[in-house]
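The values are calculated or read from the model by the stated rules, or taken from the named source; none is laboratory data. Quantities reported herein were computed from a predicted structural model and do not represent experimental measurements. Cβ placement follows ideal geometry from the backbone for every residue including glycine, while neighbour counts extend to all protein chains displayed.
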Amino acid sequence: MVKLIRTAVSSVVALSTFVATAPTQQGNAAINMEQLMVDVQNAGNVLKWAISVEGSADGMTQPWEQFNNAKIAIAKVEGALDGVSFSDKLKYEAQLMDTKVQIQRAQAYLDAITASTKIDAKTNALSNAVYSNNLDRVEKTYHEMTAEFRKQTILLDRVYGQSTRDRIRNVVKGPAEKLILELKNDVTVHMLAKSAEAEVRWGNYSEAAKKVYEAQAILNANVLKWENALQNRINGVNVSLPFQIVSSSIINNTTLSIKLNRPISSIKPSEFTTDNGLEVTNTSLSKDGLTITLTTSIQIPGSIYTLKYKTNTIRFNIPGSVVPIYVGDKTIQHKETSEIVALAAIFKESNGQPSKATIRVDIPTGLKLVSVNGAANNAVGAKSVNLAPDSNGIVTIVFTAKELNSAALDKSISFNKMEKNKVVETQTSSSLNFYVAAKAGSISKKAVHFIDSLNNYFVTTDGLKYNMKSSGDNYRNEGTVVSFDSFKAALDKEDVVNGTYSPSSVSSFNITSNKVVAKINLDSKFSTIPGTAGYRMDGNKIELYGTGEPNYEIYFFKNAGKSLGKTKVGSNGIWTFNTDSEQSAITDYSMVQQAAGMAIPEYVGWGLTTLRVIEGPFELAMISEGTSDDNNISNEVITFTIAPIKHKNGSVLAQDQAYVSKQASITISDSDGTKVKYTNNQRETYINAVKDGFTLSFGLKDKNKSVGSIIDKGKDGKISGTLNVVSVEGVTNEYGLNLKINSHDQIKGY
């Protein structure tokens, strides 16, 4: 018992001793850690200023001592962290972060200086190669230096701080880039020359020519250090190359450019030969002797031409195509003198077969032919050309203005069918106009001849075409500044315009004299429906009506200006006018309103209102055949195709589309008198509009069930055999014309 008590007492004494001494040891550890942290912060600050140009950094000296001292200070703290409490450990670790960041930045700084040293070494090597005047050595060291430069500049860009980063980069990057820039073209041309020489040895002349061309372009555009030596080397390759056309390009429809593999000193048009009627009328040579510009006759879109020069032959395609306008289309043509037009006329015999008679084409002054029926022909007006139609009785001519700088206004071409040297039929084109694109200069008291508001241009009476820009140009009406839209709305034929014109920069237009007009309104019935070619009608008479200025007179013309007469606007502002309508044709009506008692105006005069009318029946062209057994129309789909409206000569004028009402119906009958009516959306019968027509669909699968309403039972009460279309109701065209049914409209094969 005594022993146990003594042991307990000893334990208490020992424990008391431990508790008493522990606070003193922790206090010493804290003092030591605080001192270590002070050392870390001091080392971090010293390092921070050693790697910054705001401190002692010069972009060339590597502060290894400061870098290592900071790392050692951090290591001492981290080694002592095990002897502190958990909360203190977190505190000290957080305080270390700033110095650790400086160490990371210092590492980037040290790496950048190492990289700059490597770049500097390669730059010096390249400089020494330049002094050696050895291009092979220059090329080799150039590639070594640029490869090192690309690799090491990544390290230069990682330095913290813009000013410090620039200090390091400026030491080596600037001189290196300057040297690269100075030698880049010399090295490139040297490489191309070597490669071209190798291609010649291997017989790859076209590849050699491309490299020579590329090298020469660099030599022409830059000043090189070894320019004379490199030019001599390229010339040497050139001499060894066979003469070749490297490429060709179309500039416009009368200009072609070709590039050569080696320069020439002179050129003339007679050295070129062409085919398909193309003529080379002029040539010019670039200063370097490598590019020839050729002026040619009109190049027809869609054509392929062959051009020969010395031993070289090239073929070039003219993009696009020229879609012919058929005589009978009375659309007045407005073109520039640089454009071409195709015009076609169809001739048939009395039996409907294509004509084989000779056709005389009369070319007016100011125009010239380019081709007839696809064959080159350069006849210049006023002349006549005789030719034979093609197998379809069609005569097609391609023509343009005689002179690029001379307008040709209000021209027309006639096609005359000849029999025994006599004209038996004449077809005449609409009015043809070729305008000259105006050049930069002043506009002085010019009267307006034509206005195209849609395409933003107007033409003066001398045939000059002025484009109006929707923004950038200046517009005035009798001196008052107006908007672009207001100017267009005010501009009329016979107005007088002054100003200055520039095709590519600012133009100024001023209407100095307005031709005052009174507005004519056609009734809304005659509005052209979008997607159609004009107002549609079926008949030989037309009554025009609308509103105008009370007690004024309205003059009426058609097509190329044929006068139809006049009418007076009533005191209530309403007018009407009856006239003949040309059958199976497009007729362009023109109306001009002016004060009563004045002389008859020109049909293209100011205040012109126009109406295009397309006359022809709304009828069927064909009906698809049935595919079912006789007496069974279930599941059939019959297609009714609308006939196009055609001119008397056979050319297509327009194509109607079908509009089907919800109550549309079709009545058919067979040979024994059975008559049945099929109504849309009833008994699974459906009538649907499709492109250029409509379909009649029967949906019942049971052939014993009737899908229509029997109007007349006939002999057996069943429809059989060929079916006659008796009537179609509720199917109209865009203008409300009812479908016309003819005796030949039948459903066969049923």
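Residue selection: residue 467 satisfies the criterion of being closer than 13 Å to residue 336 by Cα and touching a Pro at 6+ places or on another chain (Cβ under 7 Å). With the structure loaded, tell me whether residue 131 is in the same structural domain as residue 40 (by TED's automatic domain parsing), free of Cβ contacts under 8 Å to residues at least 24 places away in the same chain and within 55 Å of the chain's Cα centre (by Cα) or whether it fails that test. For residue 131, the condition - in the same structural domain as residue 40 (by TED's automatic domain parsing), free of Cβ contacts under 8 Å to residues at least 24 places away in the same chain and within 55 Å of the chain's Cα centre (by Cα) - is met. Looking across 192, 181, one residue alone is in a helix (DSSP H, G or I) and surrounded by fewer than 20 Cβ atoms within 10 Å (Cβ to Cβ). It is 181. Flag not set for residue 388, criterion: closer than 25 Å to residue 296 by Cα and either surrounded by 21 or more Cβ atoms within 10 Å (Cβ to Cβ) or not assigned by TED's automatic domain parsing to the domain that holds residue 296 (or both). What pairs come up if the first residue lies in the range 290-311 and is assigned by TED's automatic domain parsing to the domain that holds residue 257, the second is crowded, with 17+ Cβ neighbours inside 10 Å and of a type in the set (D, E, K, R), and their beta carbons are under 9 Å apart, counting only those six or more places apart or on different chains? Here the result reads 290/262; 298/368, each pair linking the range 290-311 to a residue that is crowded, with 17+ Cβ neighbours inside 10 Å and of a type in the set (D, E, K, R). Would you confirm, using the coordinates I've provided, whether residue 361 is surrounded by 14 or more Cβ atoms within 10 Å (Cβ to Cβ), within 18 Å of residue 420 (Cα to Cα) and within 38 Å of the chain's Cα centre (by Cα)? Yes, satisfied. Restricting 341, 322 to those that are touching a residue at least 40 places away in the same chain (Cβ under 8 Å) and part of a loop (DSSP other than H, G, I, E, B) reduces the list to 322. When the range 305-322 is limited to residues that are aliphatic (A, V, I, L, M) and modelled with pLDDT under 85, the one that is nearest to residue 359 (Cα to Cα) turns out to be 322.
Within the range 552-591, if we keep just the residues that are more than 21 Å from residue 654 (Cα to Cα) and basic (Lys, Arg), the residue that is modelled with the lowest pLDDT turns out to be 562.
Hey, any hits in the range 208-228 for a residue that's closer than 30 Å to residue 401 by Cβ and either surrounded by fewer than 19 Cβ atoms within 10 Å (Cβ to Cβ) or within 40 Å of the chain's Cα centre (by Cα) (or both)? The answer is no, given that none of the residues of the range 208-228 is closer than 30 Å to residue 401 by Cβ and either surrounded by fewer than 19 Cβ atoms within 10 Å (Cβ to Cβ) or within 40 Å of the chain's Cα centre (by Cα) (or both). Among the residues of the range 107-125, is there at least one that is modelled with pLDDT of 75 or more, within 50 Å of the chain's Cα centre (by Cα), farther than 30 Å from residue 37 by Cβ and assigned to a helix (DSSP H, G or I)? Yes, that holds for at least one residue. Across the range 503-527, the qualifying residues are those that are surrounded by fewer than 16 Cβ atoms within 10 Å (Cβ to Cβ) and of a type in the set (Ser, Thr, Tyr), and the one among them that is nearest to residue 645 (Cα to Cα) is 527. Taking the range 334-356 only, how many residues are surrounded by 17 or more Cβ atoms within 10 Å (Cβ to Cβ) and either more than 24 Å from the chain's Cα centre (by Cα) or not assigned by TED's automatic domain parsing to the domain that holds residue 391 (or both)? Summing the residues that are surrounded by 17 or more Cβ atoms within 10 Å (Cβ to Cβ) and either more than 24 Å from the chain's Cα centre (by Cα) or not assigned by TED's automatic domain parsing to the domain that holds residue 391 (or both) in the range 334-356 gives 8. In the range 19-56, the residue that is surrounded by the most Cβ atoms within 10 Å (Cβ to Cβ) out of those that are of a type in the set (Ser, Thr, Tyr) and modelled with pLDDT of 55 or more is 52. Within the range 384-403, one or more residues are within 30 Å of residue 496 (Cα to Cα) and β-branched (Val, Ile, Thr).
Considering (1) modelled with pLDDT of 85 or more; (2) assigned to a helix (DSSP H, G or I), the lone condition that residue 248 does not fulfil carries the number (2). Residues in the range 277-303 that are in contact with an Asp or Glu (Cβ under 9 Å, 6 or more places away or on another chain) and farther than 30 Å from residue 217 by Cα: 1 in all.
Residues that are over 33 Å from the mean Cα position of the chain (by Cα) and assigned to a strand (DSSP E or B) were ranked within the range 375-399; the one that is farthest from residue 648 (Cα to Cα) is 380. The requirement of being free of Cβ contacts under 8 Å to residues at least 24 places away in the same chain, in a loop (DSSP other than H, G, I, E, B) and farther than 16 Å from residue 305 by Cβ is satisfied by residue 266. Residues considered: 310, 287. Of these, the only one that is more than 31 Å from the chain's Cα centre (by Cα) and at positive phi is 310. Checked against the criterion of being more than 30 Å from the chain's Cα centre (by Cα), among the basic types (Lys, Arg) and over 30 Å from residue 506 (Cα atoms), the candidates 402, 446 yield just one match: 402.
Yes or no, residue by residue, for (1) of a type outside the set (S, T, N, Q); (2) out of contact with any Pro (no Cβ under 7 Å at 6 or more places or on another chain); (3) closer than 30 Å to residue 303 by Cα:
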{"residue": "206", "(1), (2), (3)": "no, yes, yes"}
{"residue": "209", "(1), (2), (3)": "yes, yes, yes"}
{"residue": "214", "(1), (2), (3)": "yes, yes, no"}
{"residue": "221", "(1), (2), (3)": "yes, yes, no"}
{"residue": "229", "(1), (2), (3)": "yes, yes, no"}
{"residue": "236", "(1), (2), (3)": "yes, yes, no"}
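On the basis of being small (Gly, Ala, Ser), exposed (fewer than 12 other Cβ atoms within 10 Å of the Cβ) and free of Cβ contacts under 8 Å to residues at least 24 places away in the same chain, does residue 382 make the cut? Here the answer is yes, as residue 382 does meet what is asked. Determine, yes or no, whether residue 416 is over 36 Å from the mean Cα position of the chain (by Cα) and modelled with pLDDT under 90. No, not satisfied. For the range 550-559, a residue qualifies if it is in contact (Cβ under 8 Å) with a residue 40 or more places away in the chain and either buried (at least 16 other Cβ atoms within 10 Å of the Cβ) or touching a Leu at 6+ places or on another chain (Cβ under 7 Å) (or both), and the qualifying residues are 552, 553, 555, 557, 559. With respect to the stated conditions, residue 465 fails to be surrounded by 15 or more Cβ atoms within 10 Å (Cβ to Cβ), in a loop (DSSP other than H, G, I, E, B), in contact with a strand residue (DSSP E or B) (Cβ under 6 Å, 6 or more places away or on another chain) and outside the structural domain of residue 555 (by TED's automatic domain parsing). When the residues of the range 246-277 are filtered to those that are of a type in the set (A, V, I, L, M, F, W, C) and farther than 27 Å from residue 302 by Cβ, the one that is surrounded by the most Cβ atoms within 10 Å (Cβ to Cβ) is 260.
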